[in-house]
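Asks: Sharing a structure with you now.
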């Protein structure tokens, strides 16, 4: 389904961006907000940039079930951008991936009304 900008503004769909405190996640969130979506950023680190209209920030970890449930409540889409940062500590990423599987991040999305979830494999 293709949604026009005016339709998106009328609907105010909630889009969640994990890793929203970092540059890539925040930039994606800002663009989504500028397109008329309500954006919920989730990260353990607060963004250094000012939130724009239509953006909110939740401080917490993607491995915390309660935080993830709060973040995706009522969301239409999730962009899973959380990572260890620019240095890409490979062992940490592997542990994080395992924790996310244990945490059943996908289950949260599938049991909610999320229609789109962008993530790696």
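Asks: Please tell me if residue 16 is touching a helix residue (DSSP H, G or I) at 6+ places or on another chain (Cβ under 6 Å) and in contact (Cβ under 8 Å) with a residue 12 or more places away in the chain.
Replies: On the way: touching a helix residue (DSSP H, G or I) at 6+ places or on another chain (Cβ under 6 Å): yes; in contact (Cβ under 8 Å) with a residue 12 or more places away in the chain: yes.
Judged against the criteria, residue 16 is a match.
Asks: Consider residue 62 carefully, then state whether it is part of a loop (DSSP other than H, G, I, E, B) and either at pLDDT below 70 or under 15 Å from residue 19 (Cα atoms) (or both). Can you show your working first?
Replies: Numbers: part of a loop (DSSP other than H, G, I, E, B): yes; either at pLDDT below 70 or under 15 Å from residue 19 (Cα atoms) (or both): yes.
When the stated conditions are applied, residue 62 passes them.
Asks: Another question about this same structure. Would you check if residue 42 is modelled with pLDDT under 90, outside any loop (DSSP other than H, G, I, E, B) and surrounded by 14 or more Cβ atoms within 10 Å (Cβ to Cβ)?
Replies: On the way: modelled with pLDDT under 90: no; outside any loop (DSSP other than H, G, I, E, B): yes; surrounded by 14 or more Cβ atoms within 10 Å (Cβ to Cβ): yes.
In short, no.
Asks: Can you work out which of the residues in region 4-19 that are part of a loop (DSSP other than H, G, I, E, B) and closer than 13 Å to residue 75 by Cβ is modelled with the highest pLDDT?
Replies: As a first pass, look at region 4-19 and keep what is part of a loop (DSSP other than H, G, I, E, B): 4, 12-13, 19.
From what's left, closer than 13 Å to residue 75 by Cβ: 12-13.
Working: 12: 70, 13: 86.
Result: 13.
Asks: Just give me the residues in region 20-29 being part of a helix (DSSP H, G or I) and touching a residue at least 24 places away in the same chain (Cβ under 8 Å), in sequence order. Working first, answer last.
Replies: Going through region 20-29, the residues part of a helix (DSSP H, G or I) turn out to be 23-29.
Across region 20-29, the qualifying residues are 24, 25, 28, 29.
The values are calculated or read from the model by the stated rules, or taken from the named source; none is laboratory data. Since we're looking at a predicted model, the values are computed, not measured. Here Cβ is always computed from backbone atoms with ideal geometry, including for glycine, and neighbour counts include all displayed protein chains.
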